[in-house]
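Structure, as structure tokens:
The values are calculated or read from the model by the stated rules, or taken from the named source; none is laboratory data. Keep in mind it's a predicted model, so treat the numbers as computed, not measured. We place every Cβ from the backbone using ideal geometry, glycine too, and count neighbours over all the protein chains shown. Ligands, DNA and RNA are excluded from the accessible area calculation, which covers all protein heavy atoms including side chains. Shrake-Rupley method; radii C 1.70, N 1.55, O 1.52, S 1.80 Å.
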Amino acid sequence: MQTLSEQILSRAAGRTVMAGEVVTVDVDLVMMHDSLSPSIIRVLHEELGAERVWDPERVAVVIDHVAPAASVQTAEKQAEVRRWVRSQGIRYLFDVGRGISHPVLVEEGLARPGMVIVGSDSHSTAYGCVAAFGTGMGTTDIALAAATGQTWFRVPETVLVRAEGRFRPGVSAKDLALYAARRLRADGATYAAVEWHGVEFLTIMERMTLATLSIEVGAKAGLVPPVFAESGAILPPARAEVRRPALQPDFLQVQAGARYSQVLTVDLDRLEPQISAPHTVDNVADLSELGRVAIDVVYLGTCTNGHYEDMAAAARILRGRRLAPGMRMLVVPASAQALQRATADGTLMTLLEAGATIGTPGCGACIGRHMGVLAPGEVCLFTGNRNFRGRMGSPQANIYLASPEVAAATALTGYLTHPQEVEARLPLEV
């Protein structure tokens, strides 16, 4: 019996493989983003001597990290990447405003169950939301994969996170992910795959929250068991150019008897809102344990929690209310598709009427380069994935990580607040 990652890597290697083996595998898709693409291109051509990528239909390039460009130098680098994409005949360029690579490739149907996807972003574990083996790699490894269509792995052991029950009001997927980081710690799943079971009720993008945060416990990949059409869940239409023959439900499934190196069971019925305090992701506590923590700015966005579902969750709490005096709330959608959905059903208007500011779909201030960087001494409540010192700007700023629901409630009070407390404390505006 095999874990999900063992099944996927067996298929990619052309033979049965198990945890601990070192294997060479075929890659289904290579993702490159704007920040590292110039160096990847240089290594590809100058160090590897490759004139062209191995398959222009299996390389996707996304301009999302500093989009729109924040300086002339950045603009020049992005123009260089666009010229290279045209010269290579690469079809899949997702330019400024389309959004963050991970949700975009899922929305476009490029990421599919059972694929091996390597990306130049550390949070490429996100593709596990559709049961792909997604992982981040550095410049040289991505260049090699783009040149040859292959890479190597040590087949990872698997850590199982088993959720039981259902979330209480005001609690969501981000709280489960942060609780797992609290229990496993930052190195608790180093070079392992994390499988998230018992979350079949979550949407694809809510699953992405779990898969994305797998890297924050050291994981090589984070996978949610696949959903096929038979289950009633709908995946985006596949791009025939980047998939192998159609997957059957019996190819990739949870197998009884698969071996896990650790098992963490979480009772969702008892889970409270979780907060990651400065300056490490695994520095997590129940919100109720932290007391009254004043917040200057609430930032809702990133590949972890900038999806339509996250904006809608915040809007349900903000509807008919205004931000606390002096509070700033920045909302940066993870993708243009998420922004369009939020516009169509009034979610965006609710956020604007509450006093939020909307940014261009993309990574925004997540890496501290533009669109909302923090000043010394500021305290931010962030729905993203990392709160390292200096992550979003000044090293003297403090970053707390939380769910979109906690972010919205906090924006209304000015301090860390349980979503369920808002109804009792704050009346609707007339």
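Here are V104, V116, V72, V96: which of them is out of contact with any helix residue (DSSP H, G or I) (no Cβ under 9 Å at 6 or more places or on another chain) and either hydrophobic (A, V, I, L, M, F, W, C) or touching a residue at least 60 places away in the same chain (Cβ under 8 Å) (or both)?
V72
From the list T151, T135, pick out the single residue that is outside any helix (DSSP H, G or I) and buried (at least 24 other Cβ atoms within 10 Å of the Cβ).
T135
Do the conditions hold for F382, that is, is it modelled with pLDDT of 90 or more, open to solvent by 10 Å² or more (accessible area, probe 1.4 Å), of a type in the set (F, W, Y) and within 17 Å of the chain's Cα centre (by Cα)?
The answer is no for F382.
Restricting attention to the range 296-323, and to residues there that are assigned to a loop (DSSP other than H, G, I, E, B) and open to solvent by less than 10 Å² (accessible area, probe 1.4 Å), which single residue is farthest from V106 (Cα to Cα)?
Checking each candidate, the answer is G306.
Restricting attention to the range 56-100, which residues are among the aliphatic types (A, V, I, L, M) and part of a loop (DSSP other than H, G, I, E, B)?
Of everything in the range 56-100, those that are among the aliphatic types (A, V, I, L, M) and part of a loop (DSSP other than H, G, I, E, B) turn out to be I63, V66, A67, A69, A70, I90, V96, I100.
Which of the residues belonging to the range 151-196 are touching a helix residue (DSSP H, G or I) at 6+ places or on another chain (Cβ under 9 Å) and among the hydroxyl-bearing types (S, T, Y)?
Matches in the range 151-196: T151, T158, S172, T190.
Might you let me know whether the range 47-55 holds any residue that is among the acidic types (D, E), touching a Lys or Arg at 6+ places or on another chain (Cβ under 8 Å), assigned to a helix (DSSP H, G or I) and in contact (Cβ under 8 Å) with a residue 40 or more places away in the chain?
no
In the range 103-142, which residues are in contact with an Asp or Glu (Cβ under 8 Å, 6 or more places away or on another chain) and farther than 21 Å from E6 by Cα?
V104, T140
Taking the stated definitions as given, is A256 surrounded by fewer than 19 Cβ atoms within 10 Å (Cβ to Cβ), among the hydrophobic types (A, V, I, L, M, F, W, C) and under 18 Å from the mean Cα position of the chain (by Cα)?
For A256, the condition - surrounded by fewer than 19 Cβ atoms within 10 Å (Cβ to Cβ), among the hydrophobic types (A, V, I, L, M, F, W, C) and under 18 Å from the mean Cα position of the chain (by Cα) - is not met.
Can you list residue pairs whose Cβ atoms sit under 7 Å apart, with the first residue in the range 1-13 being of a type in the set (D, E, K, R) and the second being not in a helix (DSSP H, G or I)? Count only pairs 6 or more apart in sequence or on different chains.
As it stands, the answer is E6/V17; E6/M18; E6/A19; E6/V155; R11/G114, since those pairs meet every condition given.
For R341, work out the one condition from (1) surrounded by fewer than 18 Cβ atoms within 10 Å (Cβ to Cβ); (2) of a type outside the set (A, V, I, L, M, F, W, C); (3) not in a loop (DSSP other than H, G, I, E, B) it doesn't fulfil.
In the conditions (1) surrounded by fewer than 18 Cβ atoms within 10 Å (Cβ to Cβ); (2) of a type outside the set (A, V, I, L, M, F, W, C); (3) not in a loop (DSSP other than H, G, I, E, B), R341 misses (1) alone.
Which members of the range 114-130 meet the condition of being closer than 16 Å to E195 by Cβ and buried (at least 24 other Cβ atoms within 10 Å of the Cβ)?
T125, A126, Y127, G128, C129, V130 - these are the residues of the range 114-130 that are closer than 16 Å to E195 by Cβ and buried (at least 24 other Cβ atoms within 10 Å of the Cβ).
When you go through (1) open to solvent by 10 Å² or more (accessible area, probe 1.4 Å); (2) assigned to a loop (DSSP other than H, G, I, E, B); (3) not charged (D, E, K, R) one by one for P156, which number turns out not to apply?
If we test P156 against (1) open to solvent by 10 Å² or more (accessible area, probe 1.4 Å); (2) assigned to a loop (DSSP other than H, G, I, E, B); (3) not charged (D, E, K, R), just (1) comes out false.
With the requirement that a residue be more than 19 Å from A221 (Cα to Cα) and assigned to a helix (DSSP H, G or I), what does the range 1-44 give you?
S37, P38, S39, I40, I41, R42, V43, L44
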